[in-house]
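Can you read through this structure? Questions will come right after.
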Amino acid sequence: MKQGLLIVVSGPSGTGKGTVCTELLNQTPDLAYSISATTRQPREGEVDGRNYYFLTKEKFESMIEAGGFLEYANVYGNYYGTPLKKIEERLAAGEDILLEIDTQGACNVMKKCPDGIFIFLLPPSLSELERRIRGRGTETEESLARRLGAARGEIQIGRQYRYVVVNDTVDAAVKRIQDILTAEHCRVDRNESLFEEIESK
Ligand code: 5GP
């Protein structure tokens with residue numbers, strides 16, 4: 001059985017990675033989403049077990065102790081983590097899994113899973129990022145400045161990823177990610193069983 005691909009997508013807040021990942025999942029039937037655990041409160045409309053597993057701090061910390069996370073990080077004062085067991089099972093079953101996680105978490109996954117596919121999503125420019133965050137209408141001037149400062153730092157870390165995709169339009173960004181996945185599936189080192197099968201015929 002061919003092992004599935006572990007795909008990690010990150011990008012600064014406001015880049016539109018949630019929208020790109022949702023659309024990528026809609027347009028890629030063989031791709032499954034890894035539901036993260038978090039200690040933050042659910043937002044309106046969010047469902048436990050669909051958007052996140054919403055856990056108490058105590059439960060999250062006991063899962064850390066038990067080695068239950070592939071990675072976890074503290075983002076804006078809350079824990080976020082990727083449950084390990086399901087990922088292992090799904091990859092072993094040949095499923096491609098998408099993780100949408102922050103840069104700290106992604107750097108930890110890079111160390112543990114160097115064979116993962118690390119994709120950094122960039123906004124077309126910092127001024128466009130500012131326009132998009134303002135457009136949401138959820139930030140004060142102070143938190144906007146904080147997010148833009150954080151975005152510059154995250155973009156620096158983006159240089160450690162393997163792939164970079166600019167989110168100019170959602171459709172174009174989704175198409176580029178699909179092309180990356182196609183190329184990764186075609187790598188010789190992922191296809192030993194294909195060689196053996198063809199050689200045996
Ligand atoms: P939000 O609270 O807006 O859903 O997510 C805040 C940040 O946490 C985003 O940058 C998101 O990518 C990141 N995040 C979500 N799930 C995980 C996870 O399992 N691990 C890590 N390290 N970051 C996560």
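The values are calculated or read from the model by the stated rules, or taken from the named source; none is laboratory data. What you see is a predicted model; the values in this text were computed from it and never measured. Cβ sites come from the backbone with ideal geometry, for glycine too, and all protein chains shown count toward neighbours. The accessibility values were calculated without ligands, DNA or RNA, using every heavy atom of the protein model including side chains. Shrake-Rupley method; radii C 1.70, N 1.55, O 1.52, S 1.80 Å.
Helix-only mean residue ellipticity at 222 nm, the chain, DSSP H runs n ≥ 4 weighted -39,500 (n - 2.57), per residue, nearest 500. What is it? Working shown, then result.
Numbers: 8 runs with 92 residues, N = 201.
Result for the chain: -14000 deg cm²/dmol, rounded to the nearest 500.
Ok, one more. Which loop-located chymotrypsin sites (Phe, Trp or Tyr not before Pro) does region 38-79 contain, where loop means any DSSP state but H, G, I, E or B and the Cβ has at most 16 other Cβ atoms within 10 Å?
Values: sites: Y52, Y53, F54, F60, F69, Y72, Y76, Y79; in loops: Y76.
Sites meeting the loop and neighbour criteria: Y76.
So, counting K/R as plus one and D/E as minus one, what does the shell of residues with Cβ under 11 Å around Q104 add up to? Mind showing how you got there, number by number?
Details: positive: none; negative: E71, D102, E154.
Net of charged neighbours comes to -3.
Collect residues whose amide H, placed 1.01 Å from N in the peptide plane, falls under 5 Å from the amide H of Y33; neighbours closer than 5 in sequence don't count.
It is L98, by chain and number.
May I ask you to give the percent of accessible area on the chain that is carbon plus sulfur, with a probe radius of 1.4 Å? Mind showing how you got there, number by number?
Details: 5950 of 11420 Å².
Accessible surface attributable to carbon and sulfur in the chain totals 52 percent.
Here's another thing I want to ask about it. May I ask for the net charge around L6, where only other residues with Cβ less than 9 Å from the Cβ of L6 are counted and Lys, Arg are +1 while Asp, Glu are -1? Write out the running numbers ahead of the final one.
Values: positive: none; negative: D96, D115.
Spelling it out: positives minus negatives among the neighbours equals -2.
Which residues' amide hydrogens lie under 5 Å from the amide hydrogen of V164, considering only partners 5 or more residues apart or on another chain, with H built in the peptide plane?
Those qualifying (amide H under 5 Å, at least 5 residues apart or on another chain) are F120.
Another question about this same structure. If you filter region 5-85 for trypsin sites (Lys or Arg not before Pro), then keep DSSP loop positions with at most 16 other Cβ within 10 Å, what is left? Each step should come with its number before you reach the end.
Numbers: sites: K17, R40, R43, R50, K57, K59, K85; in loops: R40, R43, R50.
Here the trypsin sites (Lys or Arg not before Pro) that fit, given the DSSP loop and packing criteria, are R40, R43, R50.
A further question follows. What is the local net charge at N51, summed over the other residues whose Cβ is closer than 13 Å to its Cβ (Lys, Arg +1; Asp, Glu -1)?
Values: positive: R40, R43, R50; negative: E44, E46, D48, E100.
With Lys, Arg at +1 and Asp, Glu at -1, the neighbours total -1.
May I ask you to give the solvent-accessible area per residue for the chain, in square angstrom, as obtained with a 1.4 angstrom probe?
57
Give me the dipole magnitude in Debye, nearest 20, for the chain about the Cα centre, with unit charges on the beta carbon: positive for Lys and Arg, negative for Asp and Glu.
On the way: 26 positive and 31 negative charges, 100 e Å.
Roughly 480 debye, rounded to the nearest 20.
Just in region 133-176: which trypsin sites (Lys or Arg not before Pro) are loop by DSSP and have at most 11 other Cβ atoms within 10 Å? If you can, show how the numbers build up before the last one.
Numbers: sites: R134, R136, R146, R147, R152, R159, R162, K175, R176; in loops: R159, R162.
Of the trypsin sites (Lys or Arg not before Pro), the ones in loops of region 133-176 whose Cβ has at most 11 other Cβ atoms within 10 Å are R159.
Over region 6-199, what relative contact order in percent results from Cα pairs under 8 Å that are six or more residues apart?
In percent, rounded to a whole number, it is 30.
Also: Round to a whole angstrom and tell me the spacing of the C-alpha centers of region 81-120 and region 127-191.
What the calculation gives is 17 Å, centre to centre.
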